[in-house]
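Shown next, in structure tokens, is the structure this report addresses.
Values quoted throughout were computed directly from the atomic coordinates according to the rules given, and no laboratory measurement underlies them. All values derive from a computational prediction rather than experimental measurement. Don't worry about glycine lacking a Cβ; one is built from the backbone with ideal geometry, like all the others, and counts go over all protein chains shown.
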Amino acid sequence: MSAISSLCPQTPLVARLRAAGCVFAEDEARLLAAAAATPDHLEAMVDRRVAGLPLEQILGWAEFCGLRIAVDPGVFVPRRRTEFLARQAAAVAHRRAVVLDLCCGSGAVGVALTAAGGDIELHAVDVDPAAVRCARRNAAGARVYEGDLYDPLPRSLRGRVDVLVANAPYVPTGSIGMLPTEARVHEPMVALDGGTDGVDIQRRVAAGATRWLAPGGHLLIETSERQAPLTVDAFARGGLTPRVARSEESGATVVIGTRRPD
């Protein structure tokens with residue numbers, strides 16, 4: 001806890017955050033005050049939050065699966081509902097699994113899988129250079145590539161991946177304008193826009209998955225409950241056997257596809 005967290009009165013800070021539309025104003029005030037080195041530092045952070053910047057980008061980290069994941073300005077913030085994707089992936093990963101995290105962003109899902117135990121060989125890819133830099137910091141020891149989906153991967157990885165996980169963008173292009181300002185303005189569009197029906201990137205991931213998955217390997221993609229039938233169709237067209245997992249508690253939906261054993 002910083003010195004300022006015990007010196008700064010919380011009530012005016014909470015009121016200011018609440019007036020700016022912060023739903024969890026009390027929690028945010030506590031986190032900002034704890035991170036502030038001086039009153040001026042706290043004021044600057046609050047100004048940024050009131051202006052609409054994501055809290056995690058201001059703090060420099062997000063909590064994910066009990067871990068602190070570094071999040072740089074302009075990098076997609078890992079959502080708590082995506083913890084369900086990480087848990088589903090951990091459930092099918094054996095102790096020496098080769099894991100590929102596509103559209104990795106900050107690397108949160110891959111890092112959570114390695115933290116879950118075992119001797120995971122982690123590879124991760126993102127098209128956004130800022131995300132790649134962030135993921136390399138979070139996933140020290142992993143191989144993090146910059147490029148479009150499978151394009152930057154070494155050929156030696158083909159047919160070796162046990163768990164392929166992707167939190168690909170799935171917001172339909174026409175719905176981008178309805179996103180909260182902190183996402184729409186301060187997160188990269190490439191991490192949000194999933195095309196006309198939101199499933200364009202998922203289709204590309206599913207179409208290429210069998211070339212990289214080991215026999216019996218799994219592809220897991222986060223989607224929405226409404227879009228799940230489209231995601232399931234993409235998996236089936238890609239030669240995978242799909243099933244749907246749903247968490248009512250977190251409102252999360254994950255489609256899991258298995259490559260048939262040879």
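Note that the stretch 182-189 has calculated 3J(HN,Hα) couplings of 5, 7, 4, 9, 10, 10, x, 4 Hz, one per residue in order, obtained from phi through the Karplus relation 6.51 cos²θ - 1.76 cosθ + 1.60 (θ = phi - 60°); glycine and proline are x. The length gained by stretching the chain between R80 and A116 to full extension, at 0.36 nm per residue less their Cα-Cα distance, is 11.3 nm. Packing, as the average of other Cβ atoms within 10 Å across residues, places the peptides 58-65, 90-97, 123-130, 255-262 in the order 123-130, 58-65, 255-262, 90-97, highest first.
Note on the stretch 79-165: Kirkwood hydrodynamic radius from all Cα pairs is 12.7 Å, rounded to one decimal. Against the chain, whose longest principal axis is taken from its Cα atoms, helix 39-50 shows a tilt of about 50°. Over all projection directions, the Cα-based convex hull of the stretch 3-124 averages an area of 8.3 nm². Set against the labelled values (i) 78, 43, 34; (ii) 52, 44, 35; (iii) 64, 39, 32, Cα extents along the principal axes in Å computed from this structure falls on (iii). Taking amide H as placed 1.01 Å from N in the peptide plane, G217 has its amide H under 5 Å from the amide H of R259, each at least 5 places away in sequence or on another chain. Compactness of the stretch 149-262 was expressed as the Cα radius of gyration divided by 2.2 N^0.38 Å, which yields 1.10. Counting only DSSP H runs of at least 4 residues, each contributing -39500 (n - 2.57), and dividing by the residue count of the chain, the helix-based mean residue ellipticity at 222 nm comes to -10500 deg cm²/dmol.
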